[in-house]
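**Q** Take a look at this one; I'll ask things after.
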Amino acid sequence: MDRRKALKKTGLLAGATLAMPSFLSLLQSCKNETRLDWQPEFFTEEEAKTIAVLIDTILPTTDTPGGLDVKADMFIDKVVAHTYDAEGQKNMQNAIAEFNARSKEKYGSIFPELSDADKTAMLKEEEANDPKFNPGVWGTTVGDQKPVGFYRSMKSMAIWAYFTSEEMGENVLSYDPIPGGYEACKPLSEVGNRWSI
């Protein structure tokens, strides 16, 4: 499956919880920071690098901006720093450490230092072995959700940060701040690009 199809399939989760004002303020604060002067609020340097390389591997820059171009890693750092309790933060750090330990055991080095081929191979293994999110109906998970691992939860957060960024919302996705009339039944083939609002 190519990247564009994967993004379209997972794009529905992007705006599901954006209504919370705290997340909106976190998104806005990321917009004002530049790569040169960014210091993580929560992650250590190695943890921040692991998150950044993971995001760049999942959402690389192509003809559209990549995950790092829209500062998804900065957003995730702020989310963990401001919305996770102490136990959640510790669990995140442990999960990153375990992810890098698996990388070192299988490929000889931590994830950020792997070759592109090894990064892809590792993420394919993680994708195959990590439990998936159950489908949801109107924001409610269907069935009993098994705990998802670090890779799947980070991928979900990265895609959420990606699609809710201002760059994607205004310059990549279809955007009309004053939408036209309502069409109740329209074939999906006529809808075109995914809409940001």
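The values are calculated or read from the model by the stated rules, or taken from the named source; none is laboratory data. On a predicted model such as this, the values are computed, not experimentally measured, just so you know. When we count neighbours, we look across all protein chains shown, and the Cβ atoms used for this are built from the backbone with ideal geometry, even at glycine.
**Q** From the list Ser153, Ser165, exactly one residue is touching a residue at least 60 places away in the same chain (Cβ under 8 Å) and out of contact with any Ser or Thr (no Cβ under 9 Å at 6 or more places or on another chain). Which is it?
**A** The unique qualifying residue is Ser165.
**Q** On to the next question. Which of the residues belonging to the range 105-141 are of a type in the set (Gly, Ala, Ser) and under 20 Å from Arg152 (Cβ atoms)?
**A** Result: Ala121, Ala128, Gly136, Gly139.
**Q** Here's another thing I want to ask about it. Within the range 61-68, can one find any residue that is assigned to a helix (DSSP H, G or I), touching a helix residue (DSSP H, G or I) at 6+ places or on another chain (Cβ under 7 Å) and of a type outside the set (Ser, Thr, Tyr)?
**A** Among the residues of the range 61-68, not one is assigned to a helix (DSSP H, G or I), touching a helix residue (DSSP H, G or I) at 6+ places or on another chain (Cβ under 7 Å) and of a type outside the set (Ser, Thr, Tyr), which makes the answer no.
**Q** Of everything in the range 65-96 that's among the small types (Gly, Ala, Ser) and touching a residue at least 40 places away in the same chain (Cβ under 8 Å), which residue is farthest from Phe111 (Cα to Cα)?
**A** Ala81
**Q** Conditions: (1) out of contact with any strand residue (DSSP E or B) (no Cβ under 9 Å at 6 or more places or on another chain); (2) at pLDDT below 60; (3) not acidic (Asp, Glu). Ile110 meets all but one. Number of the miss?
**A** All conditions are met except number (2).
**Q** While we're looking at this one, here's another question. Can you say whether Thr62 is in contact (Cβ under 8 Å) with a residue 24 or more places away in the chain, over 16 Å from the mean Cα position of the chain (by Cα) and under 22 Å from Leu123 (Cα atoms), as far as the supplied structure shows?
**A** yes
**Q** Sticking with this one: For the range 71-80, does any single residue satisfy the condition of being touching a Ser or Thr at 6+ places or on another chain (Cβ under 6 Å), over 17 Å from Phe150 (Cα atoms) and modelled with pLDDT under 95?
**A** Among the residues of the range 71-80, not one is touching a Ser or Thr at 6+ places or on another chain (Cβ under 6 Å), over 17 Å from Phe150 (Cα atoms) and modelled with pLDDT under 95, which makes the answer no.
**Q** For the range 151-197: of the residues being at pLDDT below 80 and of a type in the set (Phe, Trp, Tyr), which is nearest to Lys119 (Cα to Cα)?
**A** The residue in question is Trp195.
**Q** Which ranges mark the helices (runs of 4 or more DSSP H) fully within the range 80-197 that have 1 or more residues being surrounded by 11 or more Cβ atoms within 10 Å (Cβ to Cβ) and in contact with a Gly (Cβ under 7 Å, 6 or more places away or on another chain)?
**A** 150-163
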